[in-house]
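Taken together, the values in this text are just the output of simple stated rules run on the coordinates, not laboratory data. Keep in mind it's a predicted model, so treat the numbers as computed, not measured. Glycine also receives a Cβ, built like all others from the backbone with ideal geometry; neighbour counts cover every protein chain displayed.
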Amino acid sequence: SSGINAEWPLRPGAHQLANFTQVISLLLKFLEDAEASAANFALNAHMAGHSSLPSNISQEELCGGTSIDMLRRAALTLIHLAKYSDNKKLFLTHQHRVLNLAMSRFTHPRIGAMIANLLYHMESDWKLT
């Protein structure tokens, strides 16, 4: 299994990729949509009087039609982008969105751990003044 620190094929292009200012926003939107889908399923289950989600719901349905692996790839891409000091400023405007994803109880636990790692990389080089 490949870990977060494994070599990533697009690593040399991470700086250029992040320069397309919408890349970070679009990847976060993808993760937020999956989180919102899971929240919607939970709300509908609650409104129907169920104390938990039905057992026959697949992870793809719960995540808005995408797979956990695709969400993992989006989070991993964001982590690699955040590792470059030149990209740190690009993440500043999205800090609240990343924090919301990390704190949401509807974010898949595996993805939530990766988002927490993203937060670490976003803030690791910032200096408080």
Packing rank of 95-104, 34-43, where each peptide gets the mean count of other beta carbons within 10 Å, highest leading: 34-43, 95-104
Diffusion coefficient, µm² s⁻¹, Stokes-Einstein with Kirkwood Rh over alpha-carbon pairs of the stretch 71-129 at 37 °C and 0.692 mPa s: 285
